[in-house]
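What follows is a set of notes on a single structure, which appears directly below.
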Protein chains: 2
Amino acid sequence: EEKEKDTNSESLVTNFSNIYASDLLPTRNSEELTDQFLLEVVDILLNYIKKTYDEKSKVLDFHHPHQLLEGLEGFSLELHDQPEPLEQILVDCRDTLKYGVKTGHPRYFNQLSSGLDIVGLAGEWLTATANTNMFTYEIAPLFIVMEEILLKKMYEMVGWKETEADGIFSPGGTISNLYSVLVARYKRFPEIKTKGMQALPHIAMFVSEHSHYSVKKAAAVLGIGTDNVITVKCDERGKMIPSDLEAKILQAKSQEHIPLYVSATAGTTVYGAFDPLDNIADICEKYGLWMHVDAAWGGGLLMSRKHSFKLNGIERANSVTWNPHKLMGVPLQCSAFLVCEKGLLQACNQMCAGYLFQPDKQYDTTYDTGDKTIQCGRHVDVFKLWLMWKAKGTRGFEILINKTLELAEYLYKKLNSRENFQLVFDAEPELTNVCFWYIPPSLRRIPNGPEREKLLHQVAPKIKVRMIEEGTTMVSYQPHGDKVNFFRMVFSNPATRKLDVDFLLEEIERLGKDL
Amino acid sequence: EEKEKDTNSESLVTNFSNIYASDLLPTRNSEELTDQFLLEVVDILLNYIKKTYDEKSKVLDFHHPHQLLEGLEGFSLELHDQPEPLEQILVDCRDTLKYGVKTGHPRYFNQLSSGLDIVGLAGEWLTATANTNMFTYEIAPLFIVMEEILLKKMYEMVGWKETEADGIFSPGGTISNLYSVLVARYKRFPEIKTKGMQALPHIAMFVSEHSHYSVKKAAAVLGIGTDNVITVKCDERGKMIPSDLEAKILQAKSQEHIPLYVSATAGTTVYGAFDPLDNIADICEKYGLWMHVDAAWGGGLLMSRKHSFKLNGIERANSVTWNPHKLMGVPLQCSAFLVCEKGLLQACNQMCAGYLFQPDKQYDTTYDTGDKTIQCGRHVDVFKLWLMWKAKGTRGFEILINKTLELAEYLYKKLNSRENFQLVFDAEPELTNVCFWYIPPSLRRIPNGPEREKLLHQVAPKIKVRMIEEGTTMVSYQPHGDKVNFFRMVFSNPATRKLDVDFLLEEIERLGKDL
């Protein structure tokens, strides 16, 4: 029987060498062939998934751009006039995965989003198969309703009444943060939509020095200008200092600028710090500023009864960014923008295009949510989250999130006990970020000072090069403020275990001890 | 053996009633269970694909939002604290597809994007499994290089030199059009990035009355204001009138406004018209305006040696939007923004975030293209297009596109020969749009005038209601300018055949003859 199977699969492969895309559906009587081709693809994907979860497999097999362009072992990326047979397409799929990065690998720690949730993946496969667009209820009825249900759960967790809240899923946290500036500006100055910035007084926005660059980017895109984004100081832990915020607001006012907007961060990108939301809310109320909370990274903690207190005060925000594709492990992308005023998104963004948003439909056209957005067509990002929520329940997310925080604590304790590692700031992790330097033996002999700093700055990049070339693990590094390059460890992958944390430290030491 | 199979699959279903998401990978020794679950999902998807391509199946099974919210035949959309077993998740997947819209159905004509390309679908399944992010080469090496290769092919087809062109894939045509305004503004006034619109003179933008609403939306978002988007008149066929463009530019100048930007359309949304690009380019050169071509819809014709002449002059544009997810049938979303100046996107958008775009990497960091974008994280939209291009070749796209244009011509001729249908404008289709009214017998007795117009305005919406309720086909309608509601037929689905066109006309007549 085993023999027979082999023969079958061989004959299958042989078949595809003479079969082309034009032989598949919608070509008549090609149902079986279409099934066979897609099952071959799925077989490749299932093998990849198993490898992804196997910590003994490599995280990546690094090659330089010019190597990929030249073609690796016959893997040609060039596109031609004539079609390739489906057998080649299957080989290309295998090669694409082979030379990629396994972002679900238990030892992939490079970004805030990692892991490969099986139910979320199933949801994304279905989304691709449904291949529809979020602009109207007409062509995406279930997905539009699922978005509403998800947003309601999220308002509830933020602490807003469903009757006053609104929101939309957007292509990433940076666009969600852009929405926050857009609606804050429109709320105060509705004439912006028709008259533009020239009808407005000089406005000022405030972010902390540890905030994500997306708020500045929004200021550049929206015609506000990055000079009008005022940086507020942080404490040693990376939290915005409320008294400095107030001072900066007063300074702006003294220059006849109109303080409009503050973005507080719940989970900063590098330190994983939570700004003091209640104190910031007090100041926003006092001076009439729009309070946005960028909880793209930390928002997931709202699912955890143990950790949600870290976001106390978020219920006082005017708007919130929350990316389920980060801490909650939803496949990329899945980002929600939430705003505590019904109708504002619609008023700010609607253009009432007649060809799309016909008012004379038979159903409740408030479900044609596409006119709330800055997009027209919009990818279905909600189904995978909805399906995961069904499959895990709120408690399932809680368990996963609590576990990642335990790993961060484990790493923090490990680092504290090892003399060749040094923490960037000595405080228990509030989120899963842990920032540290590896100090090679050669550096331990050098006294603190510019010479040591200069050498230390080169350590993390050098280790990272070796790490990528060996493909054993991936972790990010960066300088920050006056701190030279350090490693930023983050956990969001449910596949990661304590032994993978141990491995990371051993591996950094192995790769860096001769530096 | 057949019997045994049944038993197997039954025992599989029974199994999943006690299995939860937490039993799948990364849980130890769950490889087989994970495979089984995903194969069950794929089985559901393969059945859906077969139904999609079966013209005898319904396009949709319509329900109102409140019906979906109440739960249909036990299909509850509510989310709970506790997990549901995987058996329920599989049922939910089936139900989600059951109550959705089959956008790949041969009789689904509702939007510019339709069809379900099998290779594109396989590409999207792989993309979901790879689950990575386009911000850096580090974590998406192949996808970044594939984007470069695709963009080069597209520059070449537009008629630009690869050495001077640049581009990026974005989440949809509206965002691509927003990029065009953003870089046009930055090119002329680089101080916009830091100083904002208040440092700029009063600028004016120009679009035709048939252009897509996204350019106005961009003006609202970017702080330019919709009042500063000047509408240029079109001829009866929906093409921008160059002399009116010139007059409007001169008028703006006489008001001390700075004419900055024109968006010409290659394939308008409703009429499928091509603006006279060469004439518009002449005017842009004369007055120093940025010329953008919104070829989101019509760009696909560049793949056709027979039809590409309709875009003559596009090579003189400064920027182009081209959505492969429309005429080329790539799964949603896939939109390219192309600009004929290297480095401009980067200069306009970059923020040089240290945690992401480390300059001290071992590879050529010009491949870290994420800082060119207005996003941070970016979904991989290129792989499905790259895989389809490999599988079809340029010639394969050409064949499909030529076929959709033949269908439009077939419909045009059919309409011309039937007295109960009336064309909105009597000209051979240039793209696949065909606009027409159905005139029910009761209306044919009423003379032209406001009373008839009022009644005719209600015909298309009423037919659409019945069409959706019966679920047999879907086609869009809208009013436009002084024209009352008419049907806009578009073809982009390779599954559609002449008999489906015949069916549409018969069906409209059947549903509307008593009106």
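The values are calculated or read from the model by the stated rules, or taken from the named source; none is laboratory data. Keep in mind that what you see is a predicted model, and the values were worked out from it rather than measured. Positions of Cβ are generated from backbone atoms using ideal geometry, with glycine treated the same way; all protein chains shown enter the neighbour counts.
Given the conditions (1) more than 29 Å from B:Ile401 (Cα to Cα); (2) free of Cβ contacts under 8 Å to residues at least 40 places away in the same chain, report the number of the one that A:Thr27 does not fulfil.
(1)
Scan the range B:385-397 residue by residue and report those that are over 15 Å from B:Met154 (Cβ atoms) and either in contact with a helix residue (DSSP H, G or I) (Cβ under 8 Å, 6 or more places away or on another chain) or in the same structural domain as B:Leu150 (by TED's automatic domain parsing) (or both).
Result: B:Leu387, B:Lys390, B:Ala391, B:Lys392, B:Gly396.
Test A:His379 against the stated conditions and say whether it is part of a loop (DSSP other than H, G, I, E, B), in contact with a strand residue (DSSP E or B) (Cβ under 7 Å, 6 or more places away or on another chain) and at pLDDT 95 or above.
Spelling it out, it is not the case that A:His379 is part of a loop (DSSP other than H, G, I, E, B), in contact with a strand residue (DSSP E or B) (Cβ under 7 Å, 6 or more places away or on another chain) and at pLDDT 95 or above.
When residues of the range B:37-87 are filtered for being assigned to a loop (DSSP other than H, G, I, E, B) and either on the phi < 0 side of the Ramachandran plot or of a type in the set (Phe, Trp, Tyr) (or both), how many remain?
Number of matching residues: 21.
Looking only at the range B:329-353, which residues are farther than 30 Å from B:Leu405 by Cβ, crowded, with 22+ Cβ neighbours inside 10 Å and at the interface with chain A (Cβ under 10 Å from one of its Cβ atoms)?
The answer is B:Cys348, B:Asn349.
Pick out, from the range A:400-515, the strands (runs of 3 or more DSSP E) lying fully within it that include 3 or more residues that are within 27 Å of the chain's Cα centre (by Cα).
A:434-438, A:474-480, A:483-489
Which of the residues that make up the range A:378-435 are under 22 Å from B:Pro83 (Cα atoms) and among the hydroxyl-bearing types (Ser, Thr, Tyr)?
Across the range A:378-435, the qualifying residues are A:Thr394, A:Thr404.
Out of the residues in the range B:88-114 meeting the condition of being facing chain A (nearest Cβ under 8 Å) and part of a loop (DSSP other than H, G, I, E, B), tell me which one is surrounded by the most Cβ atoms within 10 Å (Cβ to Cβ).
Taking the candidates together, the pick is B:Gly104.
Select, from A:Thr231, A:Thr226, the only residue that is over 22 Å from A:Lys483 (Cβ atoms) and either within 14 Å of chain B (Cβ to nearest Cβ) or without any contact (Cβ under 8 Å) to a residue 24 or more places away in the chain (or both).
Sole residue among the options that is over 22 Å from A:Lys483 (Cβ atoms) and either within 14 Å of chain B (Cβ to nearest Cβ) or without any contact (Cβ under 8 Å) to a residue 24 or more places away in the chain (or both): A:Thr226.
Could you grab me the full set of residues in the range A:453-482 that are within 18 Å of A:His64 (Cα to Cα), in contact with a strand residue (DSSP E or B) (Cβ under 8 Å, 6 or more places away or on another chain) and surrounded by fewer than 19 Cβ atoms within 10 Å (Cβ to Cβ)?
Passing the criteria: A:Pro461, A:Gly471.
Only residues in the range B:63-86 that are within 8 Å of chain A (Cβ to nearest Cβ) count as the first member; pair them with residues that are part of a loop (DSSP other than H, G, I, E, B) and not aromatic (Phe, Trp, Tyr), Cβ under 6 angstrom, at least 6 apart or cross-chain, and list the lot.
B:Pro65/A:Asp364; B:Leu86/B:Ile19
Can you tell me which residue in the range A:236-249 is surrounded by the fewest Cβ atoms within 10 Å (Cβ to Cβ), limited to those that are without any contact (Cβ under 8 Å) to a residue 40 or more places away in the chain and hydrophobic (A, V, I, L, M, F, W, C)?
A:Ala247
What is the number of the single condition among (1) in a helix (DSSP H, G or I); (2) more than 25 Å from A:Tyr179 (Cα to Cα) that B:Lys217 does not meet?
It is condition (2) that B:Lys217 fails.
With A:Ala252, A:Ala264, A:Ala281 as the choices, which residue is surrounded by fewer than 24 Cβ atoms within 10 Å (Cβ to Cβ), closer than 21 Å to A:Met154 by Cα and either modelled with pLDDT of 95 or more or in the same structural domain as A:Gly393 (by TED's automatic domain parsing) (or both)? Can you show your working first?
Numbers: A:Ala252 fails: closer than 21 Å to A:Met154 by Cα; A:Ala264 fails: surrounded by fewer than 24 Cβ atoms within 10 Å (Cβ to Cβ).
Criteria check complete, one pass: A:Ala281.
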